[in-house]
Number of protein chains: 2
Amino acid sequence: MSRADRERQMLDMAEEVFAERGYRAASMEEIAERCGVSKPMLYEYFGSKDGLLTAAIDRSKAELYEATRAAMDRATTPQDVVWRGMLAYFEFMDAHSRSFAMLLQEPLVATPATGEAIEQTRRQQSGLIAPIIAALAPEMPRPAVEAYTEIIIGACERLAVWRLRHPEVTAHDAARYMTDFTWNAMRHHLQAPVSGPAPAPDVPGSEGSPDDLTGPPHRRS
Amino acid sequence: MSRADRERQMLDMAEEVFAERGYRAASMEEIAERCGVSKPMLYEYFGSKDGLLTAAIDRSKAELYEATRAAMDRATTPQDVVWRGMLAYFEFMDAHSRSFAMLLQEPLVATPATGEAIEQTRRQQSGLIAPIIAALAPEMPRPAVEAYTEIIIGACERLAVWRLRHPEVTAHDAARYMTDFTWNAMRHHLQAPVSGPAPAPDVPGSEGSPDDLTGPPHRRS
DNA sequence: CCAGTAACCTACTCTGAGTAAGTTACCACC
DNA sequence: GGTGGTAACTTACTCAGAGTAGGTTACTGG
């Protein structure tokens, strides 16, 4: 098997096992078995258990990033960027629950003084949101933009975790909560105030329109 | 040494070691040594390494909860509740960096199907915020209140982590970012709209007033 | 047919979680 | 002032699983 294919396979299996058992309970032996190879191979490719987890997380993050970015690219208005980005984010989590379960384990590898590669990923994540805020509110000082960016990322993550225990809340609902929340929070900082209430997706029909949040929020898909 | 004292001591040392080394690298042996006892004692008291971490986290959370609640109790207006709560939260993180480092490790113990006790802690955390939102916006449906609560908690956590790499951002700054953000997000849902811009602390002088966020946000303490 | 090398394996070591089976220290009670 | 009882503690293990040393197969170009 080619090196690249083997690597992909190993990451697939690692993702599976880490998601099923959690980092601690996952054994390198088991991951190796599922790949049909022996343990030292994993060490050859990834150096350590941490290395394997990190690589798997990095890949998932990249996919998530890509999915979100692609969705945002299709948007027309600023509101639409926010809405599509949020929706894509939550839909990705639904579609890739294994990746999601793994992303939750990031603190594991981040907590020692390991932060090197994490730093880069973090910057990538922020890189998606910060420019939007900066564009919408050009007068806002840099630190405030950064802080708001972190606030939004943290909020998304926590809301995604919360959804695990609330399966009745659709990705659509979650995206609406986030969009509504952040949009209202931001609008006082907008340079050229945008009309209308919370941003509505202007994609024709299909996705429904997130009207005012005080209305009943549950619309089962 | 009395059982209660010993337990306290063990939790203190565990907190120290977990914070210094991270969960993985922390060894039960070392924690025991620092307590001047042998390993089986730790197992007698806490059952397992997980148990010890969980107990330590629970204690820290309780302290954080208590500090925040106490601060909120001293508030007069709804805005003031939000402001004081946020400020107390970030100040606690500054003052108890060890607890904080440990709280970050929670996912470790939460990721398997361990969520039982975590659930309770989570509810406690939410219990501080949800009632405020519900009081401010009585028309808001329950699920939306819950979602907003999670959004705010997630935002706070992430902002606290972000501050680790940005020591120039004071607790005061962070509280102001959060207060400004959430207040603006909420005001469109307020039953009886509150006047004024983002909430300002009406504590006489000492703490400074978080005026408009577009102003320079850094005020070194 | 024979290097040379890439992919892979067997068979270990070693650290650290968790435990079994004791030992000491102290107290109540007669 | 010994004696049963028990709480607090220890030594000395087992055992799983991360990580490694050193060899074996299998395919390539010459």
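Every read-out reported here was derived from the displayed coordinates using simple, explicitly stated rules and does not represent laboratory data. This is a predicted model, so every value here is computed, not measured. In this analysis, Cβ positions are derived from the backbone assuming ideal geometry, glycine residues included, and neighbour counts consider all displayed protein chains.
Working from label points 7 Å from Cα in the Cα-to-Cβ sense, the A:Ala95 to A:Asp73 distance is 1.4 nm. Neighbouring Cβ atoms from other chains, within 10 Å of the Cβ of residues in A:175-187, number 5 on average. Set the Förster distance to 30 Å, then compute FRET efficiency between B:Arg3 and B:Ser27 from the Cβ-Cβ distance, nearest 0.05. Here the calculated transfer efficiency is 0.80. Inter-copy label distances at B:Leu190, shortest first and taken from points set 7 Å along Cα to Cβ: 1.9 nm.
Once you list every other residue whose beta carbon is under 10 Å from the beta carbon of B:Glu15, what net charge do they have if Lys and Arg are +1 and Asp and Glu are -1? Net charge around B:Glu15: -1. Distances between copies at A:Gly51, taken between label points 7 Å from Cα along the C-beta direction, are 3.7 nm in increasing order.
Counting, for every residue in A:135-142, the Cβ atoms of other protein chains within 10 Å of its Cβ and taking the mean gives 2. Neighbouring Cβ atoms from other chains, within 10 Å of the Cβ of residues in B:32-40, number 0 on average.
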